[in-house]
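Read the structure below first, then the notes.
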Amino acid sequence: MTDKNNSPSTVSRRTFLKRSASTLTAAALSRTFHIGKAGAAPKGRVIMLGYDGLEPSIAEAMMERGDMPNFARLKELGGSYRLGSTIPPQSPVAWSSYATCKNPGAHNIFDFIRRTPNGPAGPMPLVGTGKLVPPVISPQGIMQEGAKAENYRKGIPFWSVADEQGKRGKILNIPFAFPPDPLKNGIMLSALGVPDLRGTTSTYFSLSDRFTPEQLAESLGGGKRILLSFDGSDEARLPIPGPRDNRYPFADAKAYTEALLIITADRKNKQALAKTGHSQVELVQGQWSEWLEFSFKMTDKDTVMGIARFFPTEIGEQIRLYMSCVQYHPDHPYSALTQPEDYSAELKGRFGLYKTIGWAYDTHALRQMDLDEDAFLADIKNTMAWRNKLTLDEHRRGDYDFLLSGWTATDRIGHLFWRFRDEKHPLYEEEVPERWKYALEDCYKEADAFVGQMLSEIQEDDHLFVFSDHGFGTWRTGFNLNSWLQEQGYLNLSDPKAADTGFLMGIDWTKTKAYSVGLSSLYINLQGRERFGTVKKEEAVAFREELINRLADVKDPATGAKVFSALYTSDEYSGEAEGEAPDISLGYAEAFQSGRQTSRGGVGDPLFETVTDKWSGEHASSDYRHCPGICLANKPLEKETPHIQDLGVTALKLLGVDMPSDLEGDALV
């Protein structure tokens, strides 16, 4: 790791204590060694409201101006603190530390992307947080097993510890808590981490009657183009791909089941109708539609239900429709969505159909011009309002000892609208609507208003915490680390064309010593770990220091600024999963992040690239010291520098339950 002055140290400074962190099942929880009783009987309930990516400096300035009066009131009652985040300060890593009260080396989540080191052709990238296993269908067409989700997170979340000891919890929309954890006394709704029916993070559909063959053939990140063929009539019929059929390989045309969608257009009145065999919804240009229900036939006896909605960009001489990914149907979830399982249907009975996709805001579509800024912000407002309503409703229903609820709009607006607040950003525009320029402040005000509502309704003995998992900053320049490794002779290619596409393809592993994949991860091609490893174990530490020393001196030729603020070694992590950690976790200086090609495991782009993507704000591979979250409480905390690992321990302390001995956080009260 390098110090504040970017001077590499030969001895890594451990920020986490070495612990024996064993994975516990709920059944084994009662057999765990305990620190002892947590203390006196609990007094009051515990309420934690988490806002992904809420930046402390912006919130503090708004509090000072009087723009966030309820956050300011919380500060007066208890205090406002900078909340330490994880290495790296990525949402899946930080929220997993929140859940387990442990460092990444214990909970096994290090990045949005992980890699398997011993793929048949060499290391291969994988989704970093978990996977969805499709239904198992026999060759005879019999459903043998339903779809099921797997979370790579290790350890027992603190809400399960409390639940096992009789505490009643309500866990709503906490990021990366999917699938829902078994509970005896509480309820849980999963959010970020829930895939669409295709098993992807979120694949939207762009529908138009004017797509050219070239446009249809073009790769669309996070989306799929489909041609609307009206053939001289006012009706177009098209198949929409749904759940995967495991009987066919990915490349087979039959790999995904399909449902028929019918679009009937009234071009004169700028309206249309979307129909399936199950339901229909009206489409009005420039307005979000209601939810359309789909039915996908998996076998002769088994169907999967889904929902989607539309935003018609244009209905007239030409037709352009945005269609969301096909999401889990609350009445019939593809895999477990809630705990208990029928809670999702209960919510539908209370509120009607609702958004179930984990990646709740379609950033892909906005980046690729299939949604505009106003449509995106309207979706933000509506989804925040729904989560506010759900949280407030569950609070008013009572019957709980602790209530946890999460929002991600604060993060998504930061990613996509930072270009309007950074005058040095390549995409900065002065003459834009105020609602775009101050979209982040408006979102923070929505959060503040809800906090005010909760403050007015909680009881005197209740403990209210409002926090964010990390902060935020600008992203102006991407650094393609794999290209640097190639330039320095640490990485070699066997097929440059394949390497350019990403996914760690086209690399000559027999002549490669290091590689990068993911948003902040650098790996050594280690003998005995990677299938075609070239670096001997006894040489790995010295080689790692060589990489750190050289990377610490890398500067942007355009500005002379150092690219990295710090470089953290795997020694920072401890626990049963520490062997899965990247050898080096990147800590970029302000305005730098890994380039997109490097993140997906590609090689070939220039070392430095100007960010010309609407995705203009970042944090994922920033130096965590420069990217803290915020924590406010209605009662003073005993620690001036709290960490996200502390919050769960604090909740357990306040609830008066026994705590497992391997939790790493401190009680803040």
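The values are calculated or read from the model by the stated rules, or taken from the named source; none is laboratory data. Predicted model, so just to flag it, every value in this text is computed and none were measured. We place every Cβ from the backbone using ideal geometry, glycine too, and count neighbours over all the protein chains shown.
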Can you tell me which residues in segment 557-584 are of a type in the set (Val, Ile, Thr), in a loop (DSSP other than H, G, I, E, B) and closer than 18 Å to LEU519 by Cβ? VAL563
Selected residue (criterion: farthest from ILE584 (Cα to Cα)) from residues of segment 531-552 that are among the basic types (Lys, Arg) and in a loop (DSSP other than H, G, I, E, B): ARG531
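Conditions tested, residue by residue: (1) at pLDDT 95 or above; (2) part of a strand (DSSP E or B); (3) touching a strand residue (DSSP E or B) at 6+ places or on another chain (Cβ under 6 Å).
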{"position": "LEU283", "(1), (2), (3)": "yes, yes, yes"}
{"position": "TRP288", "(1), (2), (3)": "yes, no, yes"}
{"position": "PHE294", "(1), (2), (3)": "yes, yes, yes"}
{"position": "MET305", "(1), (2), (3)": "yes, yes, yes"}
{"position": "ARG320", "(1), (2), (3)": "yes, yes, yes"}
{"position": "TYR328", "(1), (2), (3)": "yes, yes, no"}
{"position": "TYR334", "(1), (2), (3)": "yes, no, yes"}
{"position": "GLU341", "(1), (2), (3)": "yes, no, no"}
{"position": "SER344", "(1), (2), (3)": "yes, no, yes"}
Can you give me the number of residues within segment 585-603 that are part of a loop (DSSP other than H, G, I, E, B) and either of a type in the set (Val, Ile, Thr) or more than 18 Å from GLY518 (Cβ to Cβ) (or both)? 3
Looking at segment 439-523, what helices (runs of 4 or more DSSP H) fall wholly within it and have at least 3 residues that are among the small types (Gly, Ala, Ser) and assigned by TED's automatic domain parsing to the domain that holds GLU55? 439-457
Before we move on, is GLU618 under 19 Å from the mean Cα position of the chain (by Cα) and at pLDDT 95 or above? yes
When segment 135-176 is checked residue by residue, the ones that are outside any loop (DSSP other than H, G, I, E, B) and not aliphatic (A, V, I, L, M) are GLN144, GLU145, LYS148, GLU150, ASN151, PHE158, TRP159, SER160, ASP163, GLU164, GLY169, LYS170
Looking for something assigned to a loop (DSSP other than H, G, I, E, B), touching a helix residue (DSSP H, G or I) at 6+ places or on another chain (Cβ under 9 Å), not aromatic (Phe, Trp, Tyr) and not assigned by TED's automatic domain parsing to the domain that holds ASP461 - is there at least one such residue anywhere in segment 76-90? no
Subset of segment 122-173 [loosely packed, with under 14 Cβ neighbours inside 10 Å, over 20 Å from the mean Cα position of the chain (by Cα) and either modelled with pLDDT of 95 or more or among the β-branched types (Val, Ile, Thr) (or both)]: ILE142, GLY166
Conditions: (1) outside the structural domain of ILE187 (by TED's automatic domain parsing); (2) surrounded by fewer than 22 Cβ atoms within 10 Å (Cβ to Cβ); (3) assigned to a helix (DSSP H, G or I); (4) not charged (D, E, K, R). LEU353 meets all but one. Number of the miss? (3)
Restricting to segment 533-590, name every residue that is within 25 Å of HIS107 (Cα to Cα) and among the acidic types (Asp, Glu). ASP571, GLU572, GLU576, GLU578, GLU580, ASP583
Any residue in segment 129-142 that is closer than 18 Å to LEU197 by Cβ sitting within a Cβ distance under 6 Å of a residue that is in a loop (DSSP other than H, G, I, E, B) and among the charged types (D, E, K, R)? List the pairs, counting only those 6 or more apart or interchain. ILE137/ARG247
Counting only residues that are among the aliphatic types (A, V, I, L, M) and buried (at least 24 other Cβ atoms within 10 Å of the Cβ), which one in segment 634-652 is nearest to the chain's Cα centre (by Cα)? ILE644
Tally the residues that are crowded, with 19+ Cβ neighbours inside 10 Å and either more than 20 Å from ARG65 (Cα to Cα) or of a type in the set (Phe, Trp, Tyr) (or both), restricting the search to segment 441-461. 3
Which one of the conditions (1) under 23 Å from ILE507 (Cα atoms); (2) touching a residue at least 24 places away in the same chain (Cβ under 8 Å); (3) out of contact with any Lys or Arg (no Cβ under 8 Å at 6 or more places or on another chain) does LYS536 fail to meet, given that it meets all the rest? (2)
Select from segment 520-543 the residues that are buried (at least 22 other Cβ atoms within 10 Å of the Cβ) and within 14 Å of ALA581 (Cα to Cα) and list them in ascending order. SER520, SER521, LEU522, ILE524, ASN525, GLU530
